[in-house]
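Here the structure comes first, spelled out in structure tokens, and everything after it is commentary.
The values are calculated or read from the model by the stated rules, or taken from the named source; none is laboratory data. It should be emphasised that the depicted structure is a prediction, and the values quoted were computed from it without experimental measurement. Here the Cβ positions follow ideal geometry from the backbone for every residue, glycine too, while neighbour counts run over all protein chains shown.
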Amino acid sequence: MENYRREREPCSSELRTELARITDDIDDPVAKLRYLRGAIQRGDATQIDRLPFGAVRRALYRFHGLESLDSVIELEGEATPVGAKTLAARTRARRFVTGTLAAGLLFLPALLAGLAARIDAPAPPLDVAAASPAPRPNVPQQPVEPLPESLPADQPGIAPSTIWLADRGPGWELYSNGLRIETTYAVYGERREYRIHHRDGAIEPGGYSKPIGILFHTSESDLWPLEADFAQQLRRGTAGLLRYLQHEQSYNYLIDRFGRVYRIVDDESRANHAGHSVWARNDDVYLDLNSAFLAVSFESRWDGGRSLPITRAQLIAGRNLTHYLRQRFAIAPEMCVTHGLASISPRQGLIGYHRDWARGFPFESFGLPDLYTVPPPSVTLFGFGHDDEFLRAVGERWPGLIAAEQMLAEEARQRGLPVEVVRRERQALYREAGKSRAF
């Protein structure tokens, strides 16, 4: 789940269709994924696009897919689990190719006779207007990176003053702001329980069980192209992801690529989503974000903030879900933060152990303040730093991180100490505070 994977490169629709048909006979998800990656990434199918006969193209596409399928097991052999699980797909693909090519050979004489008749026929009068070349569309020569989608502020119209449960049925809930929550996968987990620390080191007496914030994630799962040819694979991928998240109790909510909202872990239960993370509001500091925060994940993959990796349907559903959760639990807007802004590695003393939404989250579209401008408490309170690998992944420091490091540098200057000494002092405070966390 933490591996960053790229979406499959686009290819012709006919090739996608034939590859999808072959994968229907492969039950093993690992074998299927290895096969598809090899077949789509091969660059020798472009010449097939130029052939004029659809049946021949489809047969050659299937043969192209068959070669890629055979290469999956060329180092392992037919007797391996991967080889056995792809045997049915290879057998069916070979039958299709053989049958299509045989039909093509029977059709060839008729095709040649038709061409001969057209050559002997008198040529029609030349239509000068029709023969004039049509203007070519202005097609860019370089691929254009997709632009981020965004949502305007809430449009004029009737909106409920409060959000309430409007209807429910077996496996779903409908709310007055249009939010629909699918509850088929919902499970109960461990009860929420956490403590609130203060900036001065004191700890609130007693524990808390009501969520105080929302932590936004991306699923980092494999993504199929969002196209009609892959509708079946998209549904299967989401279903498999939901089963995995349910088993691991990873998030409270998942929003799939079509904007469907699934409850995974009940609101009253903690999900296993935050790892080591830190966030704060005013004098209150939160170290156990698994219990203190609700987890909302988008079925997507964070892409370094260069393009928005969620669909417009996910944006709308995410905004509606955020409005509902904020109202139900009285969550302050500055407590709706991303995993990449809060995650840390205590052992290394670094921020950004998890980097989903370390840049690029559409706070404005959700009616939330831009928390990339807020100095992260992991730096200002506990002295966590960053390394070159972090900068390579994120691209550059966000404004709040720059401000936080300037604050540490100023304190070090006033005390006449190296910055690293101040960082070590602050990280010792984190370790001491961590001993009293309630998990």
Quick one: in region 282-305, which of the residues that are more than 24 Å from residue 331 (Cα to Cα) and touching an Asp or Glu at 6+ places or on another chain (Cβ under 7 Å) is modelled with the lowest pLDDT? 302
When region 237-291 is examined, which residues are found to be of a type in the set (Lys, Arg) and over 15 Å from the mean Cα position of the chain (by Cα)? 243, 263, 270, 281
Inside region 181-216, can you point out the residues that are touching a residue at least 12 places away in the same chain (Cβ under 8 Å), part of a loop (DSSP other than H, G, I, E, B), closer than 21 Å to residue 430 by Cβ and among the aliphatic types (A, V, I, L, M)? 196, 212
Take region 265-281 and flag every residue that is in a loop (DSSP other than H, G, I, E, B) and either polar (S, T, N, Q) or farther than 14 Å from residue 190 by Cβ (or both). 272, 275, 276, 278
Given the conditions (1) under 24 Å from the mean Cα position of the chain (by Cα); (2) among the polar types (S, T, N, Q); (3) at pLDDT below 95, report the number of the one that residue 314 does not fulfil. (3)
When you scan region 392-410, how many residues do you find that are among the charged types (D, E, K, R), surrounded by fewer than 15 Cβ atoms within 10 Å (Cβ to Cβ) and at pLDDT 95 or above? 1
Filter region 290-342 down to the residues that are among the polar types (S, T, N, Q), assigned to a helix (DSSP H, G or I) and surrounded by fewer than 24 Cβ atoms within 10 Å (Cβ to Cβ) and list them by number. 290, 314, 320, 322, 327
Any chance residue 279 is crowded, with 24+ Cβ neighbours inside 10 Å and at pLDDT below 95: no
Selection from region 398-439 of residues that are under 34 Å from the mean Cα position of the chain (by Cα), of a type in the set (Gly, Ala, Ser) and outside any loop (DSSP other than H, G, I, E, B): 400, 403, 404, 433, 434
For region 240-263, state whether one or more residues are surrounded by fewer than 16 Cβ atoms within 10 Å (Cβ to Cβ) and among the hydroxyl-bearing types (Ser, Thr, Tyr). yes
Looking at the structure I just gave you, is residue 219 under 29 Å from the mean Cα position of the chain (by Cα), small (Gly, Ala, Ser) and surrounded by 16 or more Cβ atoms within 10 Å (Cβ to Cβ)? yes
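A quick yes/no check of all residues on (1) small (Gly, Ala, Ser); (2) closer than 26 Å to residue 198 by Cβ:
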site	(1), (2)
358	yes, no
376	no, yes
407	no, yes
433	yes, yes
Checked region 219-264 for anything out of contact with any His (no Cβ under 8 Å at 6 or more places or on another chain), of a type in the set (Ser, Thr, Tyr) and under 23 Å from residue 341 (Cα atoms); matches are 219, 221, 253
